[in-house]
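Here the structure comes first, spelled out in structure tokens, and everything after it is commentary.
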Amino acid sequence: MPSARYTLNIKPEDLQPDVPRELTKKEKLANWWHYHWKWVALALIALGMVGLTLKDIFGQPKPDYRIAVVTRYNIAEEATDQLSAALSAYGQDLNGDGQVLVQVDTYTIDFTGYAEPSESEAAGGAAPGAEQDAADVGAAMTDVASNYEQVASLTRLTADIQDNQTLIFLLDDPAGFQEVGGVLASSEGAAAPDPKSLEGVDLFLWEDCPALTGLELGEYTDMLGQNAAPSEALFQGLALARRGFAEGKELKTYGAENEAFFKTLIAGAKAQ
């Protein structure tokens, strides 16, 4: 029990609990921010990532036309961008987005040297019993890497063909492409009698097409940015061809317009 000397002078109002002071709106906001700012920051970061993803999905311009360039050598992205921009002069804004976009897709495939990697190559080593020095192993690993790069390009190209995305092809090895893809046709779209042969397929060389040789592509630089060369040199010698479709099939988007675009590019050229 408290001593009398401590309670003698206590007044009744002294026994009332202190009433908390009402915080102002500014103080309440500051107090809330003190405890929740980290969660707000995380939420903003998450929303930003979602926004960027949606922009990539829905914000990218949709192509009006598509061309596939299939070569055994790499085509510099700078050169394909120049080709895309130059070809847009021959097209129309088909999707109404205010621009003409010719999408140029590149695939690096050597049809003469393509082979599935063996199990030993996939493991990065030599076949059982083989003796290799360091140089041989390095060369083997380079071959495996190149082979897998071709597999990746071939996978993308196969998906493109199966999804009926592209009508027009620029090729450095039409025979090899036809043997693997079997989709090239006459300039009117008639399928080849033998899907593994170029018989009945119309090919138009780049240098024979006034629409292509008249393009101003500029120059491209190597990966180190040290050497410049005419971009057209990467496309000279390529053959322009179109694909045909099985009965009941057609190009996924803008089929008639892409056919007209192809006719524009081959105008004045004679089929090989």
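Read-outs throughout are calculated quantities, based only on the coordinates presented, and are distinct from any laboratory measurement. Everything numeric here is computed off the predicted structure, so don't read it as measured data. Cβ coordinates were reconstructed from backbone atoms using ideal geometry, including for glycine residues, and neighbour counts include every protein chain displayed.
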From fewest to most C-beta neighbours within 10 Å, the residues TYR90, TYR65, TYR220 line up as TYR90, TYR220, TYR65
With label points built 7 Å along Cα→Cβ from the Cα atoms of HIS34 and SER197, find their separation and express it in nm. 8.7 nm
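In a shell of Cβ-Cβ distance under 15 Å around LEU198, excluding LEU198 itself, what net charge do Lys and Arg (+1) and Asp and Glu (-1) give?
My count for the surroundings of LEU198 gives -3.
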Would you kindly state how much longer the chain becomes between LYS25 and THR264 on full extension, computed as 0.36 nm times their sequence separation minus their alpha carbon distance, in nm to one decimal? 79.1 nm
What does the charge add up to near GLY214, with Lys and Arg as +1, Asp and Glu as -1, over the other residues with Cβ less than 14 Å from its Cβ? -4
Kirkwood Rh, Cα Rg: Rg to Rh for the stretch 191-244? 1.16
What does the net charge come to around PHE261 if you take all other residues with beta carbon closer than 14 Å to its beta carbon, with K and R at +1 and D and E at -1? 0
